[in-house]
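The values are calculated or read from the model by the stated rules, or taken from the named source; none is laboratory data. Computed from a predicted structure; not experimentally measured. With ideal geometry, Cβ positions are generated from the backbone for all residues, glycine too; neighbour counts draw on all protein chains shown. Calculation scope for accessible area: heavy atoms of the full protein, side chains included, ligands and nucleic acids excluded. Shrake-Rupley method; radii C 1.70, N 1.55, O 1.52, S 1.80 Å.
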Amino acid sequence: MRASAFIDAVLAIAGKDLAIEWRTKTAFASSLVFAILVLSILFVARDASVVSALDAAPGALWVTFTFAAMVGMNRAFLLERENRALEGLLLTPVPPAGIFVGKVVANLAFVAAIELLAIPLFIVFYDVPLWQRLPELLAVMALATFAFVPVGTLLGAMVVRTRFAELMGPLLLLPFLVPPIIGAVQVTAGILSGRPLSAYTGWLSLLGLFDLVFVTVSILLFDAILDR
Amino acid sequence: MFPDNGAYMVAAYVVAAVVVLAYAASLLVRLRKHR
Amino acid sequence: MTERAIPQLARRGTVIAMLGLAGLAAVYVRALMFTPIERVQGPAQKIFYLHAPAAWSGLIAFLVTGLFSLLYLIMKDRRLDRLAAASAEVGLAFGVVMLTTGPIWGKPIWGTWWTWDARLTSTLFIFLLFVGYFVLRNAVTDPDTRAAYSSVIGVLALALVPFIHVSVYWFRTLHPTPVVLKPDEPSLPSVMLVTLLASFLVFTVLYVGFTMQRYALAALRDAELEDALDVSG
């Protein structure tokens, strides 16, 4: 398939998923409310006389992002469970990698929307000096989100057919969140403390390498989970 | 003289032995069911 | 494998496992009675003769599972998946040994039950990935789907562990936790070294024997399942 046709197919699949979600907005609203609740709970879940809001902020932000993402990514392959729609998709000339990338793009858009909406709340709740350094935070968010969405999408495709999918998805995904969260929290803490991004080239490189490895591996492995 | 932590040593050696032996036994039992 | 090969594999695996158990008993005797007590750390230091080899066997099990998962995805031979799963279960057992002896050793030596250093944390996550591997495996009934899904987890896990190791190591060097008795990798006198090496050998033998047994068990179960399907189908 030509590259431009591939990209068209990817965008078509992503667009379809997002359009379906936009109609009801159920998963989106749930994820957003979940994010607000987690942010709030983590704010109060500390001894405020010992742990300042600034200290708790980076960890709270990333736990919120990843947990809300897990809630949201569940829906990706649920859509295709109805009427065996995945088989229909596979009958099209779109290669399986294209279907997978389309799903990943949809998930990325979904998770990015949640993250972007959560940022103002985060700034307000935790009273952190973030406005000046927002672009840098967005860069880190992009790096980290690219780390867990492809793997989450792949795992979602597998667990959707099992009985306790909502439980098994997070169970399988959580270990894969550890390196990105460690890196993202370190860099976010630096940003909130006024340190320049250049002080974190190690962590940023690690995140970048993680992204590269897992995006590639996830795309390659998707083919293996389709039964032909 | 050395620190008096022999109890930990005993505990660890016992736990390790129990786990290894229990696993070995479980394999034997399960294999036996298929004879 | 032929009809008689599986029971033979089971027998040989059992023999090797029994040899390993005998070796373990010998290591116990040598470690407890014929290896001197380390002066700074005391008797608890001897836990190291079990903890390190168990972690080592767990790591081998993990690498085997990862490698054979990858091979299955390439060659689609279900026997490869069977070996990956057998190795994973044995790895789980050694993981339990490692995760129990570790804290019991850590408390008197490091002052805390757990320390988030790179090696321990990596092995903890290997254990958790193994658990996830089996949870997924047990949730899927069709053997081919189960093999495919397990292999995907196996390969993903293989790619993940180096990243966990590095990120935890960097995290740790930024936030070192205080330690009571810090054993800085003492150069072991030969008496202790021999005990340690003997233990590594024993745990390797145990791994091989157990994995052979577990593989044979899986093969027997699959054969039985196929016979049942043939009769009814």
When the stretch A:109-137 is examined, which residues are found to be without any contact (Cβ under 8 Å) to a residue 40 or more places away in the chain, more than 16 Å from A:Ala184 (Cα to Cα) and surrounded by 15 or more Cβ atoms within 10 Å (Cβ to Cβ)? A:Ile123
Pair list, Cβ < 6 Å and 6+ apart or interchain, from the stretch A:181-210 residues that are open to solvent by less than 30 Å² (accessible area, probe 1.4 Å) to residues that are among the acidic types (Asp, Glu): A:Ile191/A:Glu136
Evaluation of A:Leu167 against (1) in a helix (DSSP H, G or I); (2) surrounded by fewer than 19 Cβ atoms within 10 Å (Cβ to Cβ); (3) over 12 Å from the mean Cα position of the chain (by Cα); (4) away from chain C (no Cβ under 12 Å) (one fails), failing number: (4)
Residues satisfying the stated conditions in the stretch C:100-123, i.e. in a helix (DSSP H, G or I) and either of a type in the set (D, E, K, R) or open to solvent by 40 Å² or more (accessible area, probe 1.4 Å) (or both): C:Thr100, C:Lys107, C:Trp110, C:Arg119
When residues of the stretch A:175-199 are limited to those that are part of a helix (DSSP H, G or I) and small (Gly, Ala, Ser), the one farthest from the other protein chains (Cβ to nearest Cβ): A:Ser198
Only one of (1) more than 14 Å from chain B (Cβ to nearest Cβ); (2) assigned to a helix (DSSP H, G or I) fails for C:Ser87. Which number is that? (1)
Could you grab the pairs with beta carbons closer than 6 Å, sequence gap of 6+ or different chains, first residue in the stretch B:19-35 and under 24 Å from C:Met98 (Cα atoms) and at the interface with chain C (Cβ under 7 Å from one of its Cβ atoms), second one part of a helix (DSSP H, G or I) and open to solvent by 50 Å² or more (accessible area, probe 1.4 Å)? B:Val19/C:Val96
In the stretch A:138-164, what residues are of a type in the set (A, V, I, L, M, F, W, C), within 9 Å of chain C (Cβ to nearest Cβ) and open to solvent by 10 Å² or more (accessible area, probe 1.4 Å)? A:Phe164
Given the structure, is C:Val40 aliphatic (A, V, I, L, M), in a helix (DSSP H, G or I) and open to solvent by 40 Å² or more (accessible area, probe 1.4 Å)? no
Odd one out for A:Asn107, checked against (1) within 11 Å of the chain's Cα centre (by Cα); (2) within 14 Å of chain C (Cβ to nearest Cβ): (2)
Residues being under 19 Å from C:Leu59 (Cα atoms) and open to solvent by 30 Å² or more (accessible area, probe 1.4 Å): count how many of those fall in the stretch C:126-158. 5
Name the one entry in A:Phe43, A:Phe34 that is open to solvent by 60 Å² or more (accessible area, probe 1.4 Å), hydrophobic (A, V, I, L, M, F, W, C) and closer than 18 Å to A:Ala189 by Cβ. A:Phe43
The residue from C:Leu19, C:Leu9, C:Leu24 that alone is open to solvent by 60 Å² or more (accessible area, probe 1.4 Å), in contact (Cβ under 8 Å) with a residue 60 or more places away in the chain and assigned to a helix (DSSP H, G or I) is C:Leu19
Determine whether the stretch C:99-119 contains at least one residue that is of a type in the set (A, V, I, L, M), without any contact (Cβ under 8 Å) to a residue 24 or more places away in the chain and touching a Phe, Trp or Tyr at 6+ places or on another chain (Cβ under 8 Å). no
